[in-house]
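**Student:** My questions all concern the structure below.
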Amino acid sequence: MASGGVSIDEAMRRAIALGARGLGTTSPNPIVGCVLLDAAGEVVGEGFHAYAGGPHAEIVALAQAGERARGGTAIVTLEPCNHTGRTGPCTRALINAGVAKVVVGVADPDPVARGGAETLRAAGVEVEMGVREDEAEAGNIAWLTSVRRGWPYVTWKYAATLDGRSAAADGTSMWITSEAARMDVHALRCASDAVMVGIGTVLADDPRLTARNLRDGSLAIRQPLRVVVDSAGRTPAGAKVRDNAAATWVATAAQVGTGPDGQVDLQALLAALHVRGVRSVLLEGGPRLAGAFLAAGLVDKVVGYVAPRLLGAGASALVDAGVSTISEAIDLDLTDVTRVGPDLRFTAVPRKKEG
Ligand code: RP5
């Protein structure tokens, strides 16, 4: 590395941060960031993938660098694509630009686009895989998980009181948490391809399920698909989820098929969403739907907002997961605890069952 230049490691950190700017807008494409260093190690180009059909991160960075890319190093969070889709292969663009080395965070699992490293090596480009791999993976976790297994990454979000209640005894449930926590939820909605609730929540709360700025009520630029899991098709014609603010899919058992419980088959529902290009789902409840997802092992991450309030006996439980004895408890591993305004936000992942 020349004096004044940046290390490969620093450049990958920068590329991961750049890629994050595309969070929520790239689907069905991945989150990708790229930093280009010239032969002396100076940054000569940067880019990220902003939306499907738009230029890939490598192409944005190469355009900035121009001739200075020749003999340089491209640091990319995801293995450069090897195929012609809506845009041409990034491997070809890197080779044509005379890039000498490509450093990759995570290998591309997509059967359509993978194989970039091999193509680059065959053209005489040095390739180094797995730099800051864990962070690059975390930055693109929904897309990577979804593409590897064929159904979207599911985050269950809940809001509860300190005694774990989601609604008061009379059924009122809106605004358990603070505006700060609700704004945080809108950021989660913005970063998700779909927001999902059960018919019970639609009938009880008539939610809008749009991503918006709570202060002025304005809608975010891109809206997640609203999904109502509604086995018997009971969503009222006048429900807010049926307005024009965002696209909505009322998923019925007749469309999706039924699972063992006679309700919408959740695995089939997720597979159908994957086909529609949905890579991440924000599951917002209510207790029955969240319980069914948890019991089926279909939740990848839990984000819980807990308000310092108490609702006491008679109030609804947060989740109806059919647990009747302690040995059946659904165990989670906490990954983060953050204070959001007056509330707490817990992030956790369900613990994999042994055996
Ligand atoms: C859910 O968001 C709550 O359970 C409530 O039903 C809903 C409110 O959504 P908006 O109407 O604010 O979009 O988490």
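**Student:** Please go through segment 143-194 and pick out each residue that is out of contact with any Leu (no Cβ under 8 Å at 6 or more places or on another chain), away from the ligand (no atom under 13 Å from the Cβ) and of a type in the set (Asp, Glu).
**Tutor:** ASP170
**Student:** Something else about it: Scan segment 5-19 for residues that are touching a Cys at 6+ places or on another chain (Cβ under 9 Å) and within 11 Å of GLY105 (Cα to Cα) and report the count. Talk me through it step by step, then tell me what you get.
**Tutor:** Residues of segment 5-19 touching a Cys at 6+ places or on another chain (Cβ under 9 Å): 15, 18-19.
If we keep only those that are within 11 Å of GLY105 (Cα to Cα) too, we end up with 15.
The total comes to 1.
**Student:** Before we move on, is LEU273 modelled with pLDDT under 95 and touching a strand residue (DSSP E or B) at 6+ places or on another chain (Cβ under 8 Å)?
**Tutor:** On the way: modelled with pLDDT under 95: no; touching a strand residue (DSSP E or B) at 6+ places or on another chain (Cβ under 8 Å): yes.
No, not satisfied.
**Student:** How about segment 241-275: which of its residues are in a loop (DSSP other than H, G, I, E, B) and either more than 21 Å from ALA292 (Cβ to Cβ) or not assigned by the TED database to the domain that holds ASP193 (or both)?
**Tutor:** Taking segment 241-275 and keeping what is in a loop (DSSP other than H, G, I, E, B), we get 243-247, 252, 257, 259-263, 265.
Of everything in segment 241-275, those that are in a loop (DSSP other than H, G, I, E, B) and either more than 21 Å from ALA292 (Cβ to Cβ) or not assigned by the TED database to the domain that holds ASP193 (or both) turn out to be ASP243, ASN244, ALA245, ALA246, ALA247.
**Student:** Which one of these does ALA11 not meet: (1) closer than 21 Å to PRO152 by Cα; (2) in contact (Cβ under 8 Å) with a residue 40 or more places away in the chain; (3) outside any loop (DSSP other than H, G, I, E, B)?
**Tutor:** (1)
**Student:** Assess whether LEU78 counts as being assigned by the TED database to the domain that holds GLY41, over 24 Å from the mean Cα position of the chain (by Cα) and crowded, with 20+ Cβ neighbours inside 10 Å.
**Tutor:** Working: assigned by the TED database to the domain that holds GLY41: yes; over 24 Å from the mean Cα position of the chain (by Cα): no; crowded, with 20+ Cβ neighbours inside 10 Å: yes.
Considered against the rule, which asks whether it is assigned by the TED database to the domain that holds GLY41, over 24 Å from the mean Cα position of the chain (by Cα) and crowded, with 20+ Cβ neighbours inside 10 Å, LEU78 comes out as no.
**Student:** Inspect all residues belonging to segment 150-164 and state whether any of them is touching a Pro at 6+ places or on another chain (Cβ under 7 Å), surrounded by 21 or more Cβ atoms within 10 Å (Cβ to Cβ) and either part of a helix (DSSP H, G or I) or at pLDDT 95 or above (or both). Walk me through how you get there before you give the answer.
**Tutor:** From segment 150-164, those touching a Pro at 6+ places or on another chain (Cβ under 7 Å) are 162; that's our starting set.
After this cut, where a residue has to be surrounded by 21 or more Cβ atoms within 10 Å (Cβ to Cβ) as well, the list is none.
Looking for residues that are touching a Pro at 6+ places or on another chain (Cβ under 7 Å), surrounded by 21 or more Cβ atoms within 10 Å (Cβ to Cβ) and either part of a helix (DSSP H, G or I) or at pLDDT 95 or above (or both), one finds none in segment 150-164, hence no.
**Student:** While we're looking at this one, here's another question. Can you tell me how many residues within segment 289-320 are crowded, with 19+ Cβ neighbours inside 10 Å, part of a loop (DSSP other than H, G, I, E, B) and touching a Gly at 6+ places or on another chain (Cβ under 8 Å)?
**Tutor:** Here the count works out to 2.
**Student:** So, of the residues in segment 195-216 that are within 11 Å of the ligand (Cβ to nearest atom) and closer than 23 Å to ARG21 by Cα, which turns out to be surrounded by the most Cβ atoms within 10 Å (Cβ to Cβ)? Break it down into steps so the answer makes sense when it comes.
**Tutor:** The first filter runs over segment 195-216 and keeps only residues within 11 Å of the ligand (Cβ to nearest atom), leaving 195-198, 200-212, 214.
With closer than 23 Å to ARG21 by Cα added as a condition, the list becomes 195, 209-212, 214.
Numbers: VAL195: 27, LEU209: 25, THR210: 19, ALA211: 24, ARG212: 18, LEU214: 12.
Looking at the filtered set, the residue picked out is VAL195.
**Student:** Here's something else I'd like to know. Regarding segment 228-240, can at least one residue be identified that is part of a helix (DSSP H, G or I), within 11 Å of the ligand (Cβ to nearest atom) and either free of Cβ contacts under 8 Å to residues at least 40 places away in the same chain or more than 17 Å from the chain's Cα centre (by Cα) (or both)?
**Tutor:** If we filter segment 228-240 for residues that are part of a helix (DSSP H, G or I), which is where we start, we get 240.
Still in the running and within 11 Å of the ligand (Cβ to nearest atom): 240.
Subset that is either free of Cβ contacts under 8 Å to residues at least 40 places away in the same chain or more than 17 Å from the chain's Cα centre (by Cα) (or both): 240.
Looking through segment 228-240, at least one residue is part of a helix (DSSP H, G or I), within 11 Å of the ligand (Cβ to nearest atom) and either free of Cβ contacts under 8 Å to residues at least 40 places away in the same chain or more than 17 Å from the chain's Cα centre (by Cα) (or both).
**Student:** Then there's this: Conditions: (1) out of contact with any His (no Cβ under 8 Å at 6 or more places or on another chain); (2) crowded, with 18+ Cβ neighbours inside 10 Å. ALA168 meets all but one. Number of the miss?
**Tutor:** The single condition ALA168 does not satisfy is (2).
**Student:** Counting only residues that are at pLDDT 95 or above and part of a loop (DSSP other than H, G, I, E, B), which one in segment 81-103 is surrounded by the most Cβ atoms within 10 Å (Cβ to Cβ)?
**Tutor:** VAL99
**Student:** Further question: Filter segment 252-288 down to residues that are charged (D, E, K, R) and within 16 Å of the ligand (Cβ to nearest atom) and give me whichever is surrounded by the fewest Cβ atoms within 10 Å (Cβ to Cβ).
**Tutor:** Among those that are charged (D, E, K, R) and within 16 Å of the ligand (Cβ to nearest atom), it is ARG288.
**Student:** With respect to VAL112, is the statement that it is of a type in the set (A, V, I, L, M), under 17 Å from PRO30 (Cβ atoms) and at pLDDT below 95 true? Let's see the steps before the verdict.
**Tutor:** Numbers: of a type in the set (A, V, I, L, M): yes; under 17 Å from PRO30 (Cβ atoms): yes; at pLDDT below 95: yes.
For VAL112, the condition - of a type in the set (A, V, I, L, M), under 17 Å from PRO30 (Cβ atoms) and at pLDDT below 95 - is met.
**Student:** Are there any pairs, at least 6 apart or on different chains, whose C-beta atoms fall under 6 Å, with the first in segment 150-162 and among the small types (Gly, Ala, Ser) and the second more than 15 Å from the ligand (Cβ to nearest atom), and if so, which?
**Tutor:** GLY150/HIS274
The values are calculated or read from the model by the stated rules, or taken from the named source; none is laboratory data. Treat the numbers as computed from the prediction; the structure is a model and nothing was measured. Because the Cβ atoms are built from the backbone with ideal geometry, glycine has one as well, and the counts that use them run over all protein chains shown.
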